[in-house]
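**Q** One structure, pasted below without further comment.
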Amino acid sequence: MIQDIARLLGQSPPPQLDNARYAKTSGPYRTDLTPLQAYLFQAWLKENQQSPGVRSFSPTNPQSDYDMRGYWRETNGAPVQGTGHFPDTWKTPYHQSFSGESVYATPQAGEWKDTPGGGSALIRQGIPIFRENAQGRPINPLEGLR
């Protein structure tokens, strides 16, 4: 319904409002950890709190846009490297660039394609719904595309 209203107003709804239809389940989108793993995960969060991706993560948010526990378990608690941009593997449907690369997604959620001039676009059913410039910053999905 929100999507229909936005379209009537000539606006695009935020992509995450439409992501639920591309999820394998209705949630929760959170990896279960044993008590020991949960303790180690909390310590990892503290150690990596300066990373932008970790700093913005809230472990108590039931609608988190990223399953940081899944990432932590998959990497065996490795330190966060670089910019703190995490792979799509653990994005949840609450993330604006939820794609088919997520463990929670169906293949119809879309795929990333390189765009002219650098950067990439998340293409869903032939339509770019999210774009990033060469530095990984979001830009208008239709800007410069024809």
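**Q** Take the residues of the stretch 74-84 that are among the polar types (S, T, N, Q) and on the phi < 0 side of the Ramachandran plot: which is surrounded by the most Cβ atoms within 10 Å (Cβ to Cβ)? Working first, answer last.
**A** At the first step, the residues of the stretch 74-84 found to be among the polar types (S, T, N, Q) are 75-76, 81, 83.
Adding the requirement that they be on the phi < 0 side of the Ramachandran plot leaves 75, 81, 83.
Numbers: 75: 14, 81: 10, 83: 11.
The selected residue is 75.
Here is a yes/no grid of residues against (1) free of Cβ contacts under 8 Å to residues at least 40 places away in the same chain; (2) within 25 Å of residue 109 (Cα to Cα):
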{"residue": "19", "(1), (2)": "no, yes"}
{"residue": "22", "(1), (2)": "no, yes"}
{"residue": "34", "(1), (2)": "yes, no"}
{"residue": "39", "(1), (2)": "yes, no"}
{"residue": "42", "(1), (2)": "yes, no"}
{"residue": "57", "(1), (2)": "yes, yes"}
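**Q** Does residue 78 satisfy being of a type outside the set (S, T, N, Q) and either in contact (Cβ under 8 Å) with a residue 60 or more places away in the chain or over 21 Å from residue 40 (Cα atoms) (or both)? Spell out the reasoning first.
**A** Numbers: of a type outside the set (S, T, N, Q): yes; either in contact (Cβ under 8 Å) with a residue 60 or more places away in the chain or over 21 Å from residue 40 (Cα atoms) (or both): no.
Judged against the criteria, residue 78 is not a match.
**Q** Can you confirm whether residue 56 is of a type in the set (Ser, Thr, Tyr), buried (at least 17 other Cβ atoms within 10 Å of the Cβ) and under 21 Å from residue 132 (Cβ atoms)?
**A** no
**Q** If only one of 39, 71 is more than 30 Å from residue 126 (Cα to Cα), modelled with pLDDT of 95 or more and of a type in the set (Phe, Trp, Tyr), which one is it? Explain how you work it out, then say what you get.
**A** Values: 71 fails: more than 30 Å from residue 126 (Cα to Cα).
Checking each option against the conditions leaves just 39.
**Q** I would also like to ask the following. Taking the condition of being part of a loop (DSSP other than H, G, I, E, B), free of Cβ contacts under 8 Å to residues at least 12 places away in the same chain and more than 26 Å from residue 24 (Cβ to Cβ), how many residues in the stretch 109-134 meet it? Outline the logic, then answer.
**A** First, the residues of the stretch 109-134 that are part of a loop (DSSP other than H, G, I, E, B): 110, 115-119, 125-126, 133-134.
Going one step further and asking which of them are free of Cβ contacts under 8 Å to residues at least 12 places away in the same chain, we end up with 126.
Next, only the ones that are more than 26 Å from residue 24 (Cβ to Cβ) stay: none.
Counting residues in the stretch 109-134 that are part of a loop (DSSP other than H, G, I, E, B), free of Cβ contacts under 8 Å to residues at least 12 places away in the same chain and more than 26 Å from residue 24 (Cβ to Cβ) gives 0.
**Q** Please specify each residue of the stretch 37-52 satisfying the condition of being surrounded by fewer than 16 Cβ atoms within 10 Å (Cβ to Cβ) and closer than 18 Å to residue 136 by Cα.
**A** 52
**Q** Which of (1) buried (at least 17 other Cβ atoms within 10 Å of the Cβ); (2) under 20 Å from residue 63 (Cβ atoms); (3) among the aliphatic types (A, V, I, L, M) does residue 121 not meet, given it meets every other one?
**A** Here residue 121 clears every test but (2).
**Q** Name the residue that is nearest to residue 137 (Cα to Cα), counting only residues in the stretch 85-107 that are exposed (fewer than 15 other Cβ atoms within 10 Å of the Cβ) and at pLDDT below 95. Write out each step before concluding.
**A** Keep residues of the stretch 85-107 that are exposed (fewer than 15 other Cβ atoms within 10 Å of the Cβ), which gives 85, 87, 106-107.
Pick out the ones that are also at pLDDT below 95 and you get 85, 87, 107.
Values: 85: 11, 87: 15, 107: 24 Å.
Result: 85.
**Q** Being under 13 Å from the mean Cα position of the chain (by Cα), of a type in the set (D, E, K, R) and over 21 Å from residue 131 (Cα atoms), is that true of even one residue in the stretch 72-91?
**A** no
**Q** Checking the condition at pLDDT 90 or above and buried (at least 19 other Cβ atoms within 10 Å of the Cβ), which residue from 32, 65 passes? First the steps, then the outcome.
**A** Details: 32 fails: buried (at least 19 other Cβ atoms within 10 Å of the Cβ).
Within the list 32, 65, the selection yields 65.
The values are calculated or read from the model by the stated rules, or taken from the named source; none is laboratory data. Everything numeric in this text was worked out from a predicted model, so none of it was measured. All Cβ positions, glycine included, derive from the backbone under ideal geometry; neighbour counts span all protein chains shown.
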